[in-house]
Amino acid sequence: MPDSSPLPARRSWREAWLVYLEPASLRMLALGFSAGLPLLLVLGTLSFRLREAGIDRTTIGYLSWVGLAYAFKWVWAPLVDRMPLPLLTRALGRRRGWLLLAQAVVMGGLAGMALIDPRAQLGTLVWCALLVAFGSATQDIALDAFRIESADADRQAALAATYQTGYRLAMIWAGAGVLWVAARAEVPGVEGYQSGAWRAAYLAMAASMLAGMLTVLLSREPAPRPLPPTRGLGEWLRGALVEPFADFIRRHRWHAALILGLIAVYRISDVVMGIMANPFYVDMGYTKDEVAAVTKVFGVVMTLAGAFVGGVLSMRLGVMRVLMLGAVLSALSNLLFAWLGQRGHDVTGLVLVVSADNLAGGIASAAFIAYLSSLTNVQYSATQYALFSSMMLLLPKWLAGFSGQFVDAHGYAAFFTGTALLGLPVLVLVALASRVKSAPGA
């Protein structure tokens, strides 16, 4: 299959691995932790908490639409890209100022979620979750720009891998850690949902955002990119809102539709399946400790392994080849969940399925982040990357909202098989996109 991505043949295997020890890579490791912490707490872990509280699967599926905040972050991305913040921008710089503000919003939202019992105040809990998602999406906008501006294109796959490492470590803490804290905080002998246990767990997660805030304060602002001069509000809005999208269309022309189509559906199998994963574990009788150990710790380790393998393979073989590999593996791994659903409470089977699924997801994610980064123009890095990552989530998150209703009607086996079939169009789009030679990001 032809591959339009460059092959860095002159980089040895040793040089390819040593790039992970460079300062830019290490900064992304720490900042990736800050980015990964909120996601599960408003999606995966929250679905476990809600199911344990007796909330029905259909409602849980609809509440996953909280994650659509990530899909619409392109709306305010131009502001994050260009608008200075009083005091913060002067003290920290454009990227770090927005990062610190977004992290403070996430911390406040998580504290609110900690203090609310979903059985009595489900609506208020949803509003707090929306606040966390909005702050988290804003953090992603600023952090993606920070990452893209921190190194040249040849190192973006490595930065993506270290970002994924920090991200997945945070997901261990926000997945396994929160379940572990909640289990330890439960009152012995009391059956069912315990609000106090989840309060302690979510307060611990809110405090964990301090790690990201400290990293921002100790990091170095990337070299500022000069912005073109503007005359009046109209010209500023044109430069902030219109030009980032016009630049992408000018560089890629009619190929832009193909590229955007691939971005829109590449992770559809994983995202749609993921919403029902935790309710599936609860319904199959897995305990908090089993889910924490297998899916949130061991599974994340496998994702990390996949991310590093994907990063190295992308530098050696080209991004598009690894993008195809990740798409194939991600779709096939969903079929394993359909098999697991027929076995009931089987911890060994869970280990095998989670291993395969997360290894595939890590490979796909590293290649996909590198692919998205290669499409951006650094003059509009925050806005363009936000557009790409938003499109990646919009259709899958909307479709995932109906996942609980589908499971209630047809069962888990049919659901997991259906999510695997959703990956078939992705293979066609990757094959077509690999033949496209568009102008690279400046």
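So Ala102 ticks every box in (1) more than 26 Å from Gln384 (Cβ to Cβ); (2) among the small types (Gly, Ala, Ser); (3) buried (at least 18 other Cβ atoms within 10 Å of the Cβ) but one. Which box is left unticked?
Unmet for Ala102, out of (1) more than 26 Å from Gln384 (Cβ to Cβ); (2) among the small types (Gly, Ala, Ser); (3) buried (at least 18 other Cβ atoms within 10 Å of the Cβ): (1).
Check every one of the helices (runs of 4 or more DSSP H) wholly within segment 72-150 and list those with 3 or more residues that are closer than 15 Å to Leu31 by Cβ.
Working: elements: 77-82, 88-92, 94-114, 122-148.
Because the criterion is at least 3 residues that are closer than 15 Å to Leu31 by Cβ, the helices (runs of 4 or more DSSP H) in segment 72-150 that meet it are 94-114, 122-148.
When residues of segment 253-284 are filtered for being assigned to a loop (DSSP other than H, G, I, E, B) and under 23 Å from Ser64 (Cβ atoms), how many remain?
Of segment 253-284, the ones assigned to a loop (DSSP other than H, G, I, E, B) are 253-254, 266-267, 275-276, 284.
If we keep only those that are under 23 Å from Ser64 (Cβ atoms) too, we end up with 266-267, 275-276, 284.
Result for segment 253-284: 5.
Taking segment 297-356, which residues are over 22 Å from Leu424 (Cα atoms) and aromatic (Phe, Trp, Tyr)?
Across segment 297-356, the qualifying residues are Phe298, Phe308.
Would you point out which residue out of Val328, Val312, Val319, Val353 is surrounded by fewer than 19 Cβ atoms within 10 Å (Cβ to Cβ) and either touching a residue at least 60 places away in the same chain (Cβ under 8 Å) or of a type in the set (A, V, I, L, M) (or both)?
Values: Val312 fails: surrounded by fewer than 19 Cβ atoms within 10 Å (Cβ to Cβ); Val319 fails: surrounded by fewer than 19 Cβ atoms within 10 Å (Cβ to Cβ); Val353 fails: surrounded by fewer than 19 Cβ atoms within 10 Å (Cβ to Cβ).
Testing whether each residue is surrounded by fewer than 19 Cβ atoms within 10 Å (Cβ to Cβ) and either touching a residue at least 60 places away in the same chain (Cβ under 8 Å) or of a type in the set (A, V, I, L, M) (or both) leaves just Val328.
Just give me the residues in segment 82-130 being small (Gly, Ala, Ser) and under 23 Å from Ala182 (Cα atoms), in sequence order.
Within segment 82-130, the first condition is being small (Gly, Ala, Ser), and the residues that meet it are 91, 93, 97, 102, 104, 108-109, 111-112, 114, 120, 123, 129.
Gly108, Gly109, Ala111, Gly112, Ala114, Ala120, Gly123, Ala129 - these are the residues of segment 82-130 that are small (Gly, Ala, Ser) and under 23 Å from Ala182 (Cα atoms).
Could you pull out the residue among Leu387, Leu394, Leu372 that is closer than 30 Å to Asp247 by Cβ and touching a Pro at 6+ places or on another chain (Cβ under 8 Å)? Lay out the reasoning, then the answer.
On the way: Leu394 fails: touching a Pro at 6+ places or on another chain (Cβ under 8 Å); Leu372 fails: touching a Pro at 6+ places or on another chain (Cβ under 8 Å).
Within the list Leu387, Leu394, Leu372, the selection yields Leu387.
All but one of (1) modelled with pLDDT under 85; (2) crowded, with 23+ Cβ neighbours inside 10 Å hold for Leu37; which doesn't?
So the condition that Leu37 fails would be (1).
The values are calculated or read from the model by the stated rules, or taken from the named source; none is laboratory data. Predicted model, so just to flag it, every value in this text is computed and none were measured. Cβ atoms come from the backbone with ideal geometry, glycine included; neighbour counts cover every protein chain shown.
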